[in-house]
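See below for the structure under consideration.
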Amino acid sequence: MSVEYGLTLTLLAFMLLAAWALARSDDLLAAVMLAGIISLASAAVFTVMDAVDVAFTEAAVGAGVATLLSVRALGVLGERRAAGRARVGLPFLVVLVCGGLLLYGTADLPAYGDPAAPAMQHVAPHYLARGGVETGVPNIVTAVLASYRGFDTFGELVVIFTAGLGVLTLLAGSGVSGARSEVDAGDRDIIVRQVVKWLVPFVLLFALYVQFHGDYGPGGGFQAGVIFAAGMVLYALTFGLPRLERVLPPSRLRLLAATGVWLYGGVGVACLLRGGAFLDYAVLAEDAVDGQHLGILLVELGVGLTVFSVMVLIYRAFTRQRHGGVE
Amino acid sequence: MNGVAHAWLIVALMMSGLYIVMASAHLFKKLIGLSVFQVSVFMLYISLGVVEGAAPPIVEPGVDAYSNPLPHVLILTAIVVGIATMALALALLVRIRRAYGTLDEAALAAKDEDA
């Protein structure tokens, strides 16, 4: 057994422990924190499994933004405990049967790290051998994401945009209208304010690096969008939402969210107009590889814009809700 | 020699998530269980693309073995879509709480019967 495999198993056992505590706890805040721990541990598992882009995303999204949103939502809901014991018997039986079947299925799985596994037989060798040459992008994950499977990614981006619209629609009209101390003031602690003031520019700079260096290293529009949003949310948490809204009015964020989708689709239409297929970037420049590189850069920018603005809009929508209570 | 023990542990984690979804009476707790389930599906998927001793799929001169990039792409986008749909679910919970005054499954059903 290799060291890496041992590390994976240890991390998984640790996550199981956290899940066990999660199932037993009635405290909802503790549940959110345990889910965050599981998420962060899974980011470590992804790193061990060579999925650096995924680890990056999971750490920023699962452990970061998801935890923050859940805590915000808990505050709005005004719920603290999951009282009321529900069924135990039937769910346990279902889990036992379902888990048993899945364990039976693992007998047919290839061993961990097997280079001859079925998943390595089809398109993957082509991507790895030709991806860098055909797209001019050494990070094959970025090449597959934005070019080979660009159609897929466009769909995912529209899903994120639509989910953002859904959140804004569901939470519209029930926000606080006047000034509210928590929304206005943010954190009054001088140490927090000073540290955040110095930290935010570097967070934003790092997000830009992740955005534009995603061709050569781990990163890309999805991660950059989330990190940029995290920087803005950190600013809003410390200095209050009104300060953030002076820099980024919600109307501008909504425009940016649509612009990202529009940019992605626009690149596709530009390909059509230049005589290629939808999202076939090769026709965008004289040289096919230059065209691919340009197309990937543009659609990643579209992804980054939409993900960033949808994340900030969702955070804003939850933050502006009245806390607790019934309508 | 590596085996499939990682898959057993991932299945166990997946089932804990499923158990929380079914056994918990509180809608918010169910949502947390669902996210645990989601993370374990992601790990099972990524584990299928691992190649022992290989490098992450970023092409470099002098390296000839890489892990499979395809699962990474699919899961990367799924994670970001996951947070967007989770936010949608949280927004729905906010509306349910406003309309019913509770997030307890039994209490919600009782209020629906009354209406």
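The values are calculated or read from the model by the stated rules, or taken from the named source; none is laboratory data. Being a predicted model, the structure only gives us computed values, none of them experimental. Every residue, glycine among them, receives a Cβ derived from its backbone with ideal geometry; neighbour counts consider all protein chains shown. Just so you know, the surface numbers come from the protein's heavy atoms only, side chains and all, with ligands and any DNA or RNA stripped out. Shrake-Rupley method; radii C 1.70, N 1.55, O 1.52, S 1.80 Å.
Take the conditions in contact with an Asp or Glu (Cβ under 9 Å, 6 or more places away or on another chain) and closer than 27 Å to A:S147 by Cα and apply them to B:V63. Does it pass? No, not satisfied. Taking the condition closer than 30 Å to A:G6 by Cα, without any contact (Cβ under 8 Å) to a residue 12 or more places away in the chain, open to solvent by 10 Å² or more (accessible area, probe 1.4 Å) and within 7 Å of chain A (Cβ to nearest Cβ), does B:A54 pass? Judged against the criteria, B:A54 is not a match.
Can you tell me which of A:G302, A:G268, A:G276 is under 15 Å from A:T142 (Cβ atoms) and either in contact with a Cys (Cβ under 6 Å, 6 or more places away or on another chain) or open to solvent by less than 50 Å² (accessible area, probe 1.4 Å) (or both)? Unique residue meeting the criteria: A:G302. Only residues that are open to solvent by 20 Å² or more (accessible area, probe 1.4 Å) and assigned to a helix (DSSP H, G or I) were counted across segment B:57-72, and they come to 1. For the criterion of being on the phi > 0 side of the Ramachandran plot, open to solvent by 10 Å² or more (accessible area, probe 1.4 Å) and either aliphatic (A, V, I, L, M) or facing chain A (nearest Cβ under 8 Å) (or both), B:G101 passes. With respect to the conditions (1) touching a Phe, Trp or Tyr at 6+ places or on another chain (Cβ under 9 Å); (2) surrounded by fewer than 20 Cβ atoms within 10 Å (Cβ to Cβ), A:F228 falls short on a single one, namely (2). Apart from one condition, B:G33 fits all of (1) within 7 Å of chain A (Cβ to nearest Cβ); (2) within 12 Å of the chain's Cα centre (by Cα); (3) buried (at least 23 other Cβ atoms within 10 Å of the Cβ); the exception is (1).
For segment A:27-53, the candidate set comprises residues that are open to solvent by 60 Å² or more (accessible area, probe 1.4 Å) and over 23 Å from A:G217 (Cα atoms); within that set, the residue that is farthest from the chain's Cα centre (by Cα) is A:L29.
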